[in-house]
1. Kindly establish whether residue 58 is buried (at least 18 other Cβ atoms within 10 Å of the Cβ), in a helix (DSSP H, G or I) and out of contact with any strand residue (DSSP E or B) (no Cβ under 8 Å at 6 or more places or on another chain).
2. When only residues in region 158-178 that are exposed (fewer than 15 other Cβ atoms within 10 Å of the Cβ) and not in a loop (DSSP other than H, G, I, E, B) count, which is nearest to the chain's Cα centre (by Cα)?
3. Could you say whether any residue in region 88-106 is over 15 Å from the mean Cα position of the chain (by Cα), at negative phi and in a loop (DSSP other than H, G, I, E, B)?
4. Restricted to region 142-153, and to residues that are buried (at least 18 other Cβ atoms within 10 Å of the Cβ) and free of Cβ contacts under 8 Å to residues at least 40 places away in the same chain, which residue is farthest from residue 56 (Cα to Cα)?
5. Would you say residue 97 is touching a helix residue (DSSP H, G or I) at 6+ places or on another chain (Cβ under 6 Å), over 15 Å from residue 155 (Cβ atoms), at pLDDT 95 or above and surrounded by 14 or more Cβ atoms within 10 Å (Cβ to Cβ)?
6. Quick one: which of 82, 47, 103 is buried (at least 19 other Cβ atoms within 10 Å of the Cβ) and either in contact with a helix residue (DSSP H, G or I) (Cβ under 6 Å, 6 or more places away or on another chain) or over 21 Å from residue 120 (Cα atoms) (or both)?
């Protein structure tokens, strides 16, 4: 079963000439799951409070995604770049607020309730289709675009929950409640992200 993750990790790398680099974060996620037990032990050994580790690594995985997105978007004209800003350094500056918002909300949720990493993956990936490019991906009705965004968003949101599971909440709840809480978490995270982006944009307007 574990070998499947190696196969999945190789797919985005093979398809890079056709799909670009952003999908590489799914390769990273797949490798993380393949080496999960070792990475979990390493993560648990880091001498930081659980909240600080979770938020820090969530933002790191977010930035990995953002850097790949910048690489893919740079050949395009500035007006066509699907980034927080068409300028790379400004984009990375603004991205901090976006990923921080999702890190905070998911930490609060996962500190209380027990979610499997794949449940976070499905919830995060599904809402990524809704959020990406302000709904343009959803309205494109392009299944391949949906799948691409689903894997990208699912990967960056589920990476830390996958390795931090032992430090997170143990309260079991029903699948129905997980869906409701997951929906609320994504909406709150998006609202907080918009607010933080607005604040971060003030000094550069």
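The values are calculated or read from the model by the stated rules, or taken from the named source; none is laboratory data. Keep in mind the model is a prediction, meaning the values are calculated, not measured. Methodologically, a virtual Cβ is constructed for each residue, glycine included, from the backbone with ideal geometry; neighbour enumeration extends over all protein chains shown.
1. yes
2. The selected residue is 166.
3. The answer is no; no qualifying residue exists.
4. Looking at the filtered set, the residue picked out is 146.
5. On the way: touching a helix residue (DSSP H, G or I) at 6+ places or on another chain (Cβ under 6 Å): yes; over 15 Å from residue 155 (Cβ atoms): yes; at pLDDT 95 or above: yes; surrounded by 14 or more Cβ atoms within 10 Å (Cβ to Cβ): yes.
Yes: the conditions hold for residue 97.
6. Values: 82 fails: buried (at least 19 other Cβ atoms within 10 Å of the Cβ); 47 fails: buried (at least 19 other Cβ atoms within 10 Å of the Cβ).
Of the residues listed, the single one that is buried (at least 19 other Cβ atoms within 10 Å of the Cβ) and either in contact with a helix residue (DSSP H, G or I) (Cβ under 6 Å, 6 or more places away or on another chain) or over 21 Å from residue 120 (Cα atoms) (or both) is 103.
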